[in-house]
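Dropping a structure here in structure tokens format, bear with me for questions.
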Amino acid sequence: MADRKVRVRFAPSPTGALHIGGVRTALYNYLFARQHGGDMVFRIEDTDSNRFVPGAEEYILESFRWLGIDFDEGVSFGGERGPYRQSERREIYQQYVKVLLDAGKAYIAFDTPQELEAKRSEIANFQYDASTRMQMRNSLTMSKDEVEKLIADGTQYVVRFKIEPNEEVHVNDLIRGEVVINSSILDDKVLYKSADQLPTYHLANIVDDHLMEISHVIRGEEWLPSAPLHVLLYRAFGWEDTMPKFAHLPLLLKPEGNGKLSKRDGDRLGFPVFPLEWHDPKTGEVSHGYREEGYLPEAVINFLALLGWNPGNDQELMTMEEMIKLFDINRCSKAGAKFDYKKLIWFNHEYVLMKSDEEVAKLFVPELEKKGVEAPFDKVVTIVGLVKNRVNFVKELWENSHYFFVAPTEYDEKTVKKRWKEDSAHCMTELMEVLKDIDDFSIENQEKIVMAWIESKGYKTGDIMNAFRLTLVGEGKGPHMFDISWVLGKEETLKRMKRAIEVLK
Ligand code: GLU
């Protein structure tokens, strides 16, 4: 037991886009598996055919490729314990349903929806359990012949788990500690439906975790209420010795106020709740994704890692490698984690800064192409280096650097009013002459010569620089002035000055 290999799984149901909470769950599984040299399995839980959404599985896989979370085994990855799509494992589940039936731990029930409805109106708080099951139409109340005949006639039935009342059920959770409940509060859950010859989530989930030798079940808090039932199923199968350890992760909460994070919070406050853009095939609705909105996958991962866990000090920026080393499932918080999307924007800024200018430039080139701009790559690299500390997103580089690529055609009115003085045209004409004579157009040399000229003329540095900036940029923004003229080069600088003087005269 002690030496059991760590094997975890991420087991989504393909019912739509992957919610960001699901990404956090997958990430924690991934960090845990990697730090223990264990395996990470990707299983698709698609036994509820009514909720199946085409494209969801591919979407989930694509999301993890983008985020850099990789799996060792599972749908699309292969492995020895497949198939990993539950809809392809019918025969396996049928076999295990039979095991429970034969052992008297489950029974067949024929109650129709109408009959169940009738019972509900007859008995207050009706629950199908030890207190009521003997009043129902099932294999416990009918003769064997009757049951066999109904099945032979093609009557629909379900298989229910026969939960013994008044037993203590202990769930040991790595995050929540020990939770004890009385089995009497549980109902005889449906494990299998003849209608589609498929098990329900509970049976399939337990059988697969067992057969796939899962050692730890790390999943969202919403599954905590199912855990006692799962413990009882392990018991019924006699699999207690290899029952996985549970860890139920805290909820993701709204950025402000109370309650669970929802897609509406994202829509209202302007952040996505999905990793990638999602086109709902049923409604046609398109939902934003972090990738398309310009977030870097490293930033998303780093941000999510800290929603429910922290390394015990105030370190916030961590590479995946560091997180794998530092992550500690026992240090995860029980309390819900506020989804502070502004913090994610900060992370994105930090990750843009951490990337080399070349890397950011590579991401920027497609944006430039969209604007119809072609520029030598090393020029893009230089410009990125000058402005990247001003942006949170690569897509914001353009508004902070367009003037490097495209000469201004207009001059910002407010800036002109404030910065273009009566003698500006005259001074700029003089400055053009000064610049024309500079052979070494380096930042330092320009600065030295221009400053000496300003001083010799008794001009005000501010006035000259502001007017100069207006001629090159078209407004009052941008990095250091000689950085700009150096990147533009002498010829372009003079050209822009000449035009500005003509227009603003
Ligand atoms: N199929 C469940 C889901 O969609 C898996 C829950 C679990 O991890 O046990 O989240």
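Quick check on PRO250: is it at pLDDT 95 or above, under 27 Å from HIS202 (Cβ atoms) and under 18 Å from the mean Cα position of the chain (by Cα)?
Spelling it out, PRO250 is indeed at pLDDT 95 or above, under 27 Å from HIS202 (Cβ atoms) and under 18 Å from the mean Cα position of the chain (by Cα).
Give me the pairs: first residue in region 218-232 and touching a residue at least 60 places away in the same chain (Cβ under 8 Å) and within 18 Å of ILE163 (Cα to Cα), second residue within 11 Å of the ligand (Cβ to nearest atom) and assigned to a helix (DSSP H, G or I), beta-carbon distance under 8 Å, and six or more apart or on different chains, which are they?
Partner pairs satisfying both residue conditions: LEU229/HIS202.
Mind listing whichever residues of region 6-22 are away from the ligand (no atom under 12 Å from the Cβ) and either within 16 Å of GLY74 (Cβ to Cβ) or out of contact with any strand residue (DSSP E or B) (no Cβ under 8 Å at 6 or more places or on another chain) (or both)?
VAL6, ARG7
Right, another one. Contact list please: Cβ distance under 9 Å, first residue in region 3-21 and more than 10 Å from VAL217 (Cα to Cα), second residue within 11 Å of the ligand (Cβ to nearest atom) and among the aromatic types (Phe, Trp, Tyr), pairs at least six apart or on different chains.
SER13/TYR201
Then there is this: Can we say VAL171 is within 16 Å of the ligand (Cβ to nearest atom), outside any helix (DSSP H, G or I), surrounded by fewer than 20 Cβ atoms within 10 Å (Cβ to Cβ) and in contact (Cβ under 8 Å) with a residue 40 or more places away in the chain?
yes
Right, another one. From the set of residues in region 90-120 that are over 23 Å from SER49 (Cβ atoms) and outside any helix (DSSP H, G or I), which is most open to solvent (accessible area, probe 1.4 Å)?
The selected residue is LYS105.
Next question, about the same structure. For the condition closer than 30 Å to GLY21 by Cβ, open to solvent by 70 Å² or more (accessible area, probe 1.4 Å) and either modelled with pLDDT of 95 or more or acidic (Asp, Glu) (or both), what is the one hit in LYS362, LYS355, LYS342?
Going through LYS362, LYS355, LYS342 in turn, the sole match is LYS342.
Right, next: Taking region 101-157 on its own, how many of its residues are of a type in the set (D, E, K, R) and under 46 Å from the mean Cα position of the chain (by Cα)?
Total satisfying the criteria: 9.
Looking only at region 137-148, decide whether some residue is charged (D, E, K, R), under 30 Å from TYR30 (Cβ atoms) and either modelled with pLDDT of 95 or more or open to solvent by 50 Å² or more (accessible area, probe 1.4 Å) (or both).
no
Tell me, which residue of region 2-58 that is hydroxyl-bearing (Ser, Thr, Tyr) and assigned to a loop (DSSP other than H, G, I, E, B) is least open to solvent (accessible area, probe 1.4 Å)? Step through it out loud before you land on a result.
Of region 2-58, the ones hydroxyl-bearing (Ser, Thr, Tyr) are 13, 15, 25, 28, 30, 47, 49.
So of that shortlist, the ones also assigned to a loop (DSSP other than H, G, I, E, B) come out as 13, 15, 47.
Details: SER13: 51, THR15: 56, THR47: 10 Å².
That would be THR47.
Restricting attention to strands (runs of 3 or more DSSP E) lying wholly within region 175-291, give those where 1 or more residues are surrounded by fewer than 14 Cβ atoms within 10 Å (Cβ to Cβ) and more than 15 Å from the ligand (Cβ to nearest atom).
Result: 177-182.
The values are calculated or read from the model by the stated rules, or taken from the named source; none is laboratory data. Computed from a prediction, not measured in an experiment: that's the story for all the values here. Don't worry about glycine lacking a Cβ; one is built from the backbone with ideal geometry, like all the others, and counts go over all protein chains shown. To get the accessible areas, we keep the full protein, side chains included, count just its heavy atoms, and leave off ligands, DNA and RNA. Shrake-Rupley method; radii C 1.70, N 1.55, O 1.52, S 1.80 Å.
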